[in-house]
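The values are calculated or read from the model by the stated rules, or taken from the named source; none is laboratory data. Keep in mind the model is a prediction, meaning the values are calculated, not measured. Positions of Cβ are generated from backbone atoms using ideal geometry, with glycine treated the same way; all protein chains shown enter the neighbour counts.
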Amino acid sequence: MKNKIILQLLVFTTVLTANAQDKIIIGNDTLVSQSQLHKKSSVYKQLIIPTVLVGYGVLGFVNDGIKDINYSVRSQVDKRLAGGTSIDDYSRYAPIVSVYALNLAGIKGKHNYKDLTIIVATSHLIMVGATMGLKSAAKVERPDGTTDNSFPSGHTATAFAGAEILWQEYKDVSPWYGIAGFVVASGTGVMRIYNNRHWLTDVTTGAGIGILSTKLAYWLHPFIQKSLFGSKEEKKVTGMVMPFYNGQQVGLGAVVRF
């Protein structure tokens, strides 16, 4: 089972890396330009942090030292826990809601509303598929013993996917937007541990998956845009994104009109 989980994560990371690379055909008269090499180098650098985060979580299945850290963190939470908080149920959506809020406020990011929504949908489809698949395969018991779907943290993955979108869209406007998003996402992960709902390795893996999912969504976007929306005619796009709470469930609702 552990080998199966590790293999799934390695395949997921490999797919991301493969999609990130340029297709280079090398023939007798073909040379790889410095700009191509620089672009590839930039892609690899972007993968370092999320790959390390996911790798740390994977090692948690086989490394006793990392397992001890998980139990140590849980022990500290048990000693100081005075009551849970539900803030993380809302904060996980804060980064992505901020992206749309900034757009509606007239602070434009890198993409228009239509392209942004395609990227958001792609990122979350990848992220949800990865996290749900791993939860089903890993069957790691939560620290509080309630269920066996602890690994990885879906809340954290959602938060970091949104934070990475916020960074990508607004880093050229002001890096502080993205930094604020990652602070909120990190806080969400910390609260998942504080609430005794996740191990440290669950949170780090969730963060890595969230970032990787968004990066893949941006790399795939030109292909999706060309395949599904190939017309050069610019269409007016309107919509609204709002979080919801029905007394039992928390979610994010979106209405988009193309």
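Annotations
- Cβ separations smaller than 6 Å between residues 6+ apart or across chains give no pair from segment 50-71 residues that are among the hydroxyl-bearing types (Ser, Thr, Tyr) to residues that are not in a helix (DSSP H, G or I).
- Tally of residues being of a type in the set (Ser, Thr, Tyr) and either without any contact (Cβ under 8 Å) to a residue 60 or more places away in the chain or not in a helix (DSSP H, G or I) (or both) across segment 145-196: 6
- Within segment 143-156, tally of residues that are under 15 Å from Leu200 (Cβ atoms) and either modelled with pLDDT of 95 or more or in contact with a strand residue (DSSP E or B) (Cβ under 8 Å, 6 or more places away or on another chain) (or both): 6
- Tally of residues being small (Gly, Ala, Ser) and under 21 Å from Asp64 (Cα atoms) across segment 191-207: 1
- Selection count where residues are among the charged types (D, E, K, R) and over 30 Å from Lys114 (Cβ atoms), scope segment 127-171: 6
- Helices (runs of 4 or more DSSP H) completely within segment 42-143 that count 3 or more residues being surrounded by 15 or more Cβ atoms within 10 Å (Cβ to Cβ) and within 20 Å of the chain's Cα centre (by Cα): 87-91, 94-104, 113-138
- The combined condition, being in contact with a helix residue (DSSP H, G or I) (Cβ under 8 Å, 6 or more places away or on another chain), within 17 Å of Trp199 (Cβ to Cβ) and small (Gly, Ala, Ser), is not fulfilled by Gly133.
- Failed criterion for Phe12 (all others in (1) surrounded by 17 or more Cβ atoms within 10 Å (Cβ to Cβ); (2) closer than 16 Å to Thr204 by Cβ; (3) at pLDDT 70 or above hold): (3)
- Total residues in segment 68-87, condition at pLDDT 95 or above and of a type in the set (D, E, K, R): 1
- Exactly one residue out of His198, His155 is over 22 Å from Ser123 (Cα atoms) and surrounded by 24 or more Cβ atoms within 10 Å (Cβ to Cβ): that is His198.
- Among the residues of segment 29-67, those identified as modelled with pLDDT of 90 or more and polar (S, T, N, Q) are Thr51, Asn63.
- Any hit, segment 216-230, residues being within 21 Å of Tyr56 (Cβ to Cβ) and surrounded by fewer than 24 Cβ atoms within 10 Å (Cβ to Cβ): yes
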